[in-house]
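The values are calculated or read from the model by the stated rules, or taken from the named source; none is laboratory data. Because the structure is predicted, anything quoted here is derived from the model rather than measured. Because the Cβ atoms are built from the backbone with ideal geometry, glycine has one as well, and the counts that use them run over all protein chains shown.
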Amino acid sequence: MKSLGPLLLWLLLDTAGFATEQYTLDAAHSQMSFRVRQYLSVVTGKFTDFSGTVTFDSAQWERSRVEATISVKSIDTGIAARDHHLLASDFFDAEKYPTISFKSNSVQLIGDRSADVSGELTMHGKTRPVVIHVELQSPAKSGSDALAWKVTAHLRRSEFGLKWNPVIEATSGIGDDIDIQMRMVTPAR
């Protein structure tokens, strides 16, 4: 009877991981877009080449993890000349810094189906802490179900060294604040 306690504890701890499932981001059904103010208008754009994994624990969201990578060269603002300039060495410098990456380090549940995910974002050679807000849009089941997420974040491009020409930026009214919006789908396993 003395060995029953450790055995039950081991079974409890061993089965705690059963709620955790790993999903791969489905880029074909996901969108990653951004917005930045310029004078009175808003410039929108998107990235079309990205990948990632979500390790989701439906029983304890705090144990979940996210990793994602974006190809900088996949930027699309709808204007080829602007995209070319954004990729050049005086802005993103895509040849030197070809990817943007995010790796979570904690998840804080803030509602039944939403959480704040804290992590490290690396862009333009600089790594900064960021918080992204996620809302589960599909059923919060584990296993073979697909998961759909609405993701939002707010960044300041200057914190990542994404500065161009201060005089031109000031006269063209390009904002420093970037709003990120994503719809991420992780397909059924």
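Points to keep in mind about this one:
- For A68, the criteria (1) among the small types (G, A, S); (2) out of contact with any helix residue (DSSP H, G or I) (no Cβ under 9 Å at 6 or more places or on another chain); (3) surrounded by fewer than 18 Cβ atoms within 10 Å (Cβ to Cβ); (4) assigned to a strand (DSSP E or B) hold in every case but one, which is (3).
- Yes/no for V117 being touching a residue at least 40 places away in the same chain (Cβ under 8 Å), within 23 Å of Q31 (Cβ to Cβ) and within 12 Å of the chain's Cα centre (by Cα): yes
- Any hit, the stretch 55-63, residues being touching a Leu at 6+ places or on another chain (Cβ under 7 Å), modelled with pLDDT under 95 and in a strand (DSSP E or B): yes
- Condition check for T77: under 19 Å from F47 (Cβ atoms) and either within 13 Å of the chain's Cα centre (by Cα) or of a type in the set (F, W, Y) (or both): no
- Of all the listed residues (S101, S138, S106), the sole one being of a type in the set (S, T, Y), surrounded by 15 or more Cβ atoms within 10 Å (Cβ to Cβ) and closer than 25 Å to T24 by Cβ is S101.
- Members of the stretch 74-93 found to be touching a strand residue (DSSP E or B) at 6+ places or on another chain (Cβ under 8 Å) and in a loop (DSSP other than H, G, I, E, B), listed by number: T77, G78, F92
- Qualifying residue in the stretch 108-118 (condition: assigned to a loop (DSSP other than H, G, I, E, B), more than 15 Å from W61 (Cα to Cα), of a type outside the set (F, W, Y) and out of contact with any Lys or Arg (no Cβ under 7 Å at 6 or more places or on another chain)): no
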